[in-house]
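K.L.:
One structure, as structure tokens, below. Some questions next.
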Amino acid sequence: MADRPRLTTSAGAPLASNQNSKTVGANGPVLLEDYQLIEKLAHQNRERIPERVVHAKGWGAYGTLTVTEDVSKYTRAKALQPGTKTEMLARFSTVAGEQGAADAERDVRGFSLKFYTEEGNWDLVGNNTPVFFVADPYKFPDFIHTQKRHPRTNMRSATAMWDFWSLCPESLHQVTILMSDRGLPVSPMHMNGYGSHTFSLWNDAGERYWVKFHFKTRQGHKHLTNEEAVEVVGNSRETYQEQLFGSIEDGQFPKWDMYIQVMPEMEAEEFEKKTGWSAFDLTKVWPHGDYPLIKVGELELNRNPDNYFAEIEQSAFNPSNVVPGIGFSPDKMLQGRLFSYPDAHRYRIGTHYESLEVNKPRCPVAHYHRDGTMPFGLKTNPDAYYEPNSFGGPVEDPSVEEPPHRYAGQVGRHEYRANADHYSQPRALFTMFDAGQRDRLFRNIAGAMAGVPSEIVERQLGHFEKIDPAYAEGVRTAIAAHAEDNPSASTSHAAE
Ligand code: NDP
Ligand code: HEM
């Protein structure tokens, strides 16, 4: 006992008992003056913060990015200079499930990285897929509604998902990945990560390059079939947490090789003319044949957080956190996300979420934001509380100004869906699948379509047909087989 710290109230006063409430006689009632009882109950009522509106279930760990190659001709970012090691945090997640969802569910996985660089935090908030379901942030809330619960049944709705996907063929590429083997990795260690969007890099000479970020797993790709996942979830709903946490506790540190694809700024137009794809369309990749992967370094996860809530639940990853040498692109989805994440953080965590230890930059921070709830850690110069001032307040640094973007065009709500090619890239992917992969793809889709009204199924099969007649045919056959094996599963209730 002697070497243990003394228990105190949250105001620091020593506490005589943490076992018995203050009561009138041994059998009660309790007194209102037992403030420590009230404090304890009131505190408990405030233990939960809102879960993330998407990507609520997650697993995370700290690590290091080590740059082993020289990519300095593309970027002046300090964290990307040869030999640099940067402390970082990773959080992996599923998209649709709530905080208590089982880990081994078929879903896209989030792949969020926060690099604590010497010039501020750089967050890369990507997924384990190089593309996404929609190409315009206007459609993101609609898409997410189809992934969450139906308002009346309070169940996930296969009808809503396939209705939306079949009406938004830009989703075909991502849907094909989701329903393929890679849609259900065994653990976060057994999947790749992608920045997915096109970002930009700029160098000391003020030259800009468009860039895609890739993290390739060194653990190898490992996946579960739907049948295996049923068994896994029956035994444990926390397999990702067990494996990531356990592996790091055991000193087995997972690693990823980091690569970039680079496109000189002025080549984007030519790329679009040649391929028909915009370099800024999030439903498309840049073919490796045209833009080969360039090695940057390696990412290693090597330290578990001590407090899941403080360090993973309250972590705030934000695509608008870039550092000098790294910038955005015109990708509409990225532009939408630049607003959405810090807005979510202010609501979910609070105004000063960036002062929390996990989110705090590991470099000096000096700005003129004032006040707000709990502005802890804000260092103030009492006279320099506005800018410009004559009292020694922080001043801007023009040397970190990024080169200007060359944007021109007609303002309007430009039609995208009807004009874009939604089929060539999913076709390239489908062509890569061997017979076994195709068979599992067909069966996964058939299972996911159970109960969906036939007009929606037919509309979706029409899109598969345009990718490859063998794709549509395979799914059609698998649907028939699924219906035969599960006669009760194929009846549909309105919008379930
Ligand atoms: P490449 O053959 O040069 O590259 C194929 C890529 O596909 C590799 O990155 C590989 O990742 C990945 N891949 C392999 N099997 C699967 C799978 N079952 N599910 C998802 N990804 C897989 O071809 P291209 O660059 O010309 O692209 C062809 C298609 O590959 C694209 O249309 C796209 O669907 C897919 N792809 C392309 C990527 C890109 O950035 N170009 C990235 C990821 C997928 P790995 O090396 O880890 O196995
Ligand atoms: C989480 C919005 C597209 C990956 C979130 C959150 C919001 C959001 C509000 C919760 C943030 C929080 O509470 O901390 C959006 C919007 C999008 C979009 C509006 C489109 C316009 C994407 C895309 C990707 C992605 C394209 C991947 C390429 C993630 C990840 C998380 C997340 C990984 C979890 C972050 C974490 O680990 O804390 N998104 N999102 N999102 N999103 Fe998106």
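K.L.:
Of everything in the stretch 47-66, what is more than 15 Å from residue 109 (Cα to Cα), under 18 Å from the mean Cα position of the chain (by Cα) and crowded, with 18+ Cβ neighbours inside 10 Å? Give them in sequence order.
P.N.:
Matches in the stretch 47-66: 61, 62, 63.
K.L.:
If a residue has to be among the aliphatic types (A, V, I, L, M), under 19 Å from residue 324 (Cβ atoms) and away from ligand 2 (no atom under 16 Å from the Cβ) to count, how many in the stretch 187-234 make the cut? So that I can check it myself, show each step before the final result.
P.N.:
If we filter the stretch 187-234 for residues that are among the aliphatic types (A, V, I, L, M), which is where we start, we get 189, 191, 201, 205, 211, 224, 229-230, 232-233.
With the extra rule that they be under 19 Å from residue 324 (Cβ atoms), the set shrinks to 201, 205, 211.
Next, from what is left, pick out any that are away from ligand 2 (no atom under 16 Å from the Cβ): 201, 205.
Within the stretch 187-234, residues that are among the aliphatic types (A, V, I, L, M), under 19 Å from residue 324 (Cβ atoms) and away from ligand 2 (no atom under 16 Å from the Cβ) number 2.
K.L.:
Let me ask something else about it. Of the residues in the stretch 236-266, how many are farther than 18 Å from residue 94 by Cβ and without any contact (Cβ under 8 Å) to a residue 40 or more places away in the chain?
P.N.:
Number of matching residues: 5.
K.L.:
Next up: Go through (1) over 25 Å from residue 181 (Cβ atoms); (2) in contact (Cβ under 8 Å) with a residue 60 or more places away in the chain one by one and return the number of the condition residue 145 breaks.
P.N.:
Of everything listed in (1) over 25 Å from residue 181 (Cβ atoms); (2) in contact (Cβ under 8 Å) with a residue 60 or more places away in the chain, residue 145 misses just condition (2).
K.L.:
Can you go through 103, 34, 70 and tell me which one is more than 12 Å from ligand 2 (Cβ to nearest atom), buried (at least 23 other Cβ atoms within 10 Å of the Cβ) and over 17 Å from residue 361 (Cα atoms)? Outline the logic, then answer.
P.N.:
On the way: 34 fails: buried (at least 23 other Cβ atoms within 10 Å of the Cβ); 70 fails: buried (at least 23 other Cβ atoms within 10 Å of the Cβ).
That would be 103, the only listed residue that is more than 12 Å from ligand 2 (Cβ to nearest atom), buried (at least 23 other Cβ atoms within 10 Å of the Cβ) and over 17 Å from residue 361 (Cα atoms).
Matching residues to (1) surrounded by fewer than 20 Cβ atoms within 10 Å (Cβ to Cβ); (2) within 16 Å of ligand 1 (Cβ to nearest atom); (3) basic (Lys, Arg); (4) in a strand (DSSP E or B):
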residue	(1), (2), (3), (4)
204	yes, no, no, no
215	no, yes, no, yes
219	yes, yes, no, no
227	yes, no, no, no
231	yes, no, no, no
242	yes, no, no, no
246	yes, no, no, no
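Yes/no matrix, rows are residues, columns are (1) over 28 Å from residue 164 (Cα atoms); (2) surrounded by 12 or more Cβ atoms within 10 Å (Cβ to Cβ); (3) modelled with pLDDT under 95; (4) in contact with a His (Cβ under 6 Å, 6 or more places away or on another chain):
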| residue | (1), (2), (3), (4) |
| --- | --- |
| 385 | yes, yes, yes, no |
| 398 | yes, no, no, no |
| 411 | no, no, no, no |
| 451 | no, yes, no, no |
| 459 | no, yes, no, no |
| 464 | no, yes, no, no |
| 474 | no, yes, no, no |
| 490 | no, yes, yes, no |
| 494 | no, no, yes, no |
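K.L.:
Based on what the data block shows, is residue 123 among the charged types (D, E, K, R), under 17 Å from the mean Cα position of the chain (by Cα) and assigned to a loop (DSSP other than H, G, I, E, B)? Before the answer, list the steps.
P.N.:
Numbers: among the charged types (D, E, K, R): yes; under 17 Å from the mean Cα position of the chain (by Cα): yes; assigned to a loop (DSSP other than H, G, I, E, B): no.
So residue 123 does not fit the description; no.
K.L.:
Have a look at 200, 196 and point out the one that is of a type in the set (S, T, N, Q) and at positive phi.
P.N.:
Working: 200 fails: at positive phi.
That would be 196, the only listed residue that is of a type in the set (S, T, N, Q) and at positive phi.
K.L.:
When the stretch 52-76 is examined, which residues are found to be farther than 20 Å from residue 88 by Cα and β-branched (Val, Ile, Thr)?
P.N.:
53, 54
K.L.:
Right, here's the next one. Kindly check whether there is at least one residue in the stretch 379-402 that is in contact (Cβ under 8 Å) with a residue 12 or more places away in the chain and touching a helix residue (DSSP H, G or I) at 6+ places or on another chain (Cβ under 9 Å).
P.N.:
So far as the stretch 379-402 goes, no, none of its residues is in contact (Cβ under 8 Å) with a residue 12 or more places away in the chain and touching a helix residue (DSSP H, G or I) at 6+ places or on another chain (Cβ under 9 Å).
The values are calculated or read from the model by the stated rules, or taken from the named source; none is laboratory data. Just so it is clear, the structure is predicted and the values come from calculations on it, not from any experiment. Positions of Cβ are generated from backbone atoms using ideal geometry, with glycine treated the same way; all protein chains shown enter the neighbour counts.
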